[in-house]
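Notes follow the structure.
The values are calculated or read from the model by the stated rules, or taken from the named source; none is laboratory data. These figures come from a predicted structure and were not determined experimentally. Every residue, glycine as well, gets a Cβ built from its backbone with ideal geometry; the counts of neighbours run over all protein chains shown.
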Amino acid sequence: MTDVNLGMPRLPAPAFPADVHERLAADAAQVIARYPDSRSALLPLLHLMQSEEGYVTRTGMQFCADQLGLTTAEVTAVATFYSMYRRKPSGDYQVGVCTNTLCAVLGGDAIFAALQEHLGVGNGETTGDGKVTLEHIECNAACDFAPVVMVNWEFFDNQTIESAKRLVDELRAGSEVTPTRGAPLCDFKRTARVLAGFPDERPGAVAAGGSAGPASLAGLRLAHGDAGAGTVVPPRSGERPAAASPEPAEPGQPPARHPSSHDAPQPSSDSDPRHPAGPVTEEDE
Amino acid sequence: MTVTAEEVNEAGPEKILAPVLSANWDTPESWTLDGYRAGGGYRALGKALAMSPDDVIAYVKDSGLRGRGGAGFPTGMKWQFIPQGDGKPHYLVVNADESEPGTCKDIPLLFANPHSLIEGIVIACHAIRSHHAFIYLRGEVVPVLRRLQSAVAEAYAAGYLGKGALGAGGDLEITVHAGAGAYICGEETALLDSLEGRRGQPRLRPPFPAIAGLYACPTVVNNVESIASVPAIIDRGKEWFRSMGSEKSPGFTLYSLSGHVARPGQYEAPLGITLRELLDLSGGMRPGHRLKFWTPGGSSTPLLTDEHLDVPLDYEGVGAVGSMLGTKALQCFDETTCVVRAVTRWTEFYAHESCGKCTPCREGTYWLVQLMRDIEAGKGLLSDLDKLNDIADNINGKSFCALGDGAASPIFSSLKYFRAEYEQHITGRGCPFDPTKSTAWADDDTSAHLEVNA
């Protein structure tokens, strides 16, 4: 019998200790005051819960529900929708390797595989010392610095297998680690507090990293006449990539397929070419 | 606009590029109020506040500025849709959820020059008579969040925000709101639901946000780059803005070059520049390799090939070849890249990010992933290619929002241009490409393969 964890909190949730509750309630009141409607504060409050406990616990969800006059079901629905809310105890450093297409192709896949082996953990798992949680992430808007690794949502640009291994080793050793663009790393909980809307008070944290990374300045430097021009590689017409033609696993046999292939959608008629797109491309698009 | 490579070389990058939003990114402390003001920042604000709100809307409309978030809807027209004198609060919501694969312009913009956005917000709020604006920033970019929080605090302290910011009795608040990781929140109505503290799922339209948006009040949702472009237009004039680009796509914009190129990065240029020109002035593809396929504006825009190097990168030009300008995220892949692998990964992304609200997208993206993984692993059948097309056709235009259309785009376009490569995976029972050849470090140890392949 497999144990299926649906992520539903067991009830009733224990309350925060009185002093913690009082402190968090004061923070929550500040967050709620930023919005015309209190429910808008739910996302920042969930970040605030992570800043207290490192992940979203049932206590945290109950707290949010109480502050905002929501049911725990409403809070759970939101907490389970967004990928930044952790649902189990995790590491001090959330290490995310971008494996969306561009980073993956440029080396993200290799980095992610190497880190899994190096740390001995799989996707979403935490090292035994509780320092590093490894995951693969989607595009983080730094494609001109690919391949990218994020630690606690700070940028580590232009990574290689070696630099990424060194990075996690330093994190586990407790050394101070500075991202490519941004402030020296703080742990997950302190990062979550910034996400909840409480500014980073460390001196120099805002200024760290300078104005822009090198790739961000590529065009500006050219416009200033800083760098020499290259030449475009024109298409070599008609040429196709050479196929390595690997040996078929079982010559003559139909390929093995995934178990539910027989459930795949049956063929359907083509769309009406006069209406290629539906109602989503009207007026305000 | 057709410019040959020779002309580009003669003109030089200084003449082709047009840094406006990125112009101060190499100055020290460009992100601070002082740094921004040193370059003329907040000069436009005075001009705009001296104009009547309707005149500001008309001015922005006349400039021809179109939305930089992907759809290209005229910004001034969006503002004009806000009903006036309706007695309801109006809201401006800035979409800073930049998550479209390949797109990386708003994040460096906000890191280096957050005040251009804040000045634009104040002008826009004056125009649409709003007293509260929200910046919905994706959560996964903490250094940018720090800069935004700090810039907003500076703007309050300087009186650009807060009591009387819009003149006597005209208060203005800005709330910086960090998201929590969901691509779908870049869709404007899903963003509004998320900002209201709900799961980010798109809303049925109509009513459009201009009538019933945030808290069911009239709301303008604009991309970061759109709003940040407004101060420059007001300051330097709509004629100056219209002197760049084309009649229908005027102005400057940020192009983001990434992938197997010699010099990835941000290139701000007039609309209508071609990929050939951009590659030509930036050093081309990485040495010894050639362009195989690229996206003009993120993974949701149908991919193009080396046949399309001379397509003008404006809304009409890219549309004419069956794709979309999108976010101008030019992801370039060379001949070492497997199209099937690239499309499989994008498809996994759409399946992961599908919010689950509508059936065609939720179920369709699931099945696309199953088929793509089979094909990539050499376990597909030739009939699967028609099935892929058929499923994509059942998602495209039939989904609740554009995420479904985006999921279908890479499937349709890759089958159109690279069907033979799909067939190779099937008949050869596996992927003919070596992924180690396409990494950023693949050519590091080869013996100085430096000649540019021309």
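Does residue A:104 count as at pLDDT 95 or above, more than 15 Å from the chain's Cα centre (by Cα) and not polar (S, T, N, Q)?
No.
Given the conditions (1) within 11 Å of chain B (Cβ to nearest Cβ); (2) in a loop (DSSP other than H, G, I, E, B), and given that residue A:176 satisfies all but one, which numbered condition is not satisfied?
Condition (1) is where residue A:176 drops out.
I'm trying to understand the selection: among the residues of the range B:194-250, which are within 14 Å of another protein chain (Cβ to nearest Cβ), of a type in the set (Asp, Glu) and under 23 Å from the mean Cα position of the chain (by Cα)?
Selection gives B:225 alone.
With the requirement that a residue be surrounded by fewer than 19 Cβ atoms within 10 Å (Cβ to Cβ) and of a type outside the set (Asp, Glu), what does the range B:358-368 give you?
Selection gives B:359, B:362, B:366.
If you go through the range B:349-404 one residue at a time, how many are hydroxyl-bearing (Ser, Thr, Tyr), part of a helix (DSSP H, G or I) and out of contact with any Leu (no Cβ under 9 Å at 6 or more places or on another chain)?
Result for the range B:349-404: 3.
Name the residues in the range A:28-38 that are surrounded by fewer than 20 Cβ atoms within 10 Å (Cβ to Cβ) and either touching a residue at least 60 places away in the same chain (Cβ under 8 Å) or out of contact with any strand residue (DSSP E or B) (no Cβ under 8 Å at 6 or more places or on another chain) (or both), would you?
A:29, A:30, A:32, A:33, A:34, A:37, A:38
What is the residue count in the range B:41-58 for residues that are surrounded by 14 or more Cβ atoms within 10 Å (Cβ to Cβ) and either over 26 Å from the mean Cα position of the chain (by Cα) or assigned to a helix (DSSP H, G or I) (or both)?
Count: 11.
Within the range B:257-276, restricting attention to residues that are closer than 17 Å to residue B:309 by Cβ and polar (S, T, N, Q), which residue is surrounded by the most Cβ atoms within 10 Å (Cβ to Cβ)?
So, considering only residues that are closer than 17 Å to residue B:309 by Cβ and polar (S, T, N, Q), the one surrounded by the most Cβ atoms within 10 Å (Cβ to Cβ) is B:258.
Quick one: count up the residues across the range B:282-317 that are more than 10 Å from every other protein chain (Cβ to nearest Cβ) and either touching a Pro at 6+ places or on another chain (Cβ under 6 Å) or hydrophobic (A, V, I, L, M, F, W, C) (or both).
6
Which condition from (1) within 7 Å of chain A (Cβ to nearest Cβ); (2) in a helix (DSSP H, G or I) is the one that residue B:407 breaks?
(1) is the only condition that residue B:407 fails.
Name the residues in the range A:172-196 that are crowded, with 21+ Cβ neighbours inside 10 Å, touching a strand residue (DSSP E or B) at 6+ places or on another chain (Cβ under 7 Å) and within 25 Å of residue A:53 (Cβ to Cβ), would you?
A:179, A:182, A:185, A:188, A:195
Within the range A:123-139, take every residue that is surrounded by fewer than 24 Cβ atoms within 10 Å (Cβ to Cβ) and within 10 Å of the chain's Cα centre (by Cα) and give me the one that is nearest to the other protein chains (Cβ to nearest Cβ).
Going through the qualifying residues, I end up with A:138.
So, restricting to helices (runs of 4 or more DSSP H) that lie completely within the range A:15-81, which ones have at least 2 residues that are within 14 Å of chain B (Cβ to nearest Cβ), within 24 Å of residue B:142 (Cβ to Cβ) and among the β-branched types (Val, Ile, Thr)?
Hits in the range A:15-81: A:18-32, A:72-79.
Whether any residue in the range B:100-108 is at pLDDT 95 or above, acidic (Asp, Glu) and under 30 Å from residue B:184 (Cβ atoms) is what I want to check.
yes
Could you give me the residue pairs with C-beta distances under 9 Å whose first residue belongs to the range B:373-385 and is free of Cβ contacts under 8 Å to residues at least 60 places away in the same chain and more than 9 Å from chain A (Cβ to nearest Cβ), whose second residue is assigned to a helix (DSSP H, G or I) and among the hydroxyl-bearing types (Ser, Thr, Tyr) wherever it lies, and which are 6+ apart or on separate chains?
B:375/B:344; B:375/B:422; B:376/B:344; B:382/B:422; B:382/B:427; B:385/B:422
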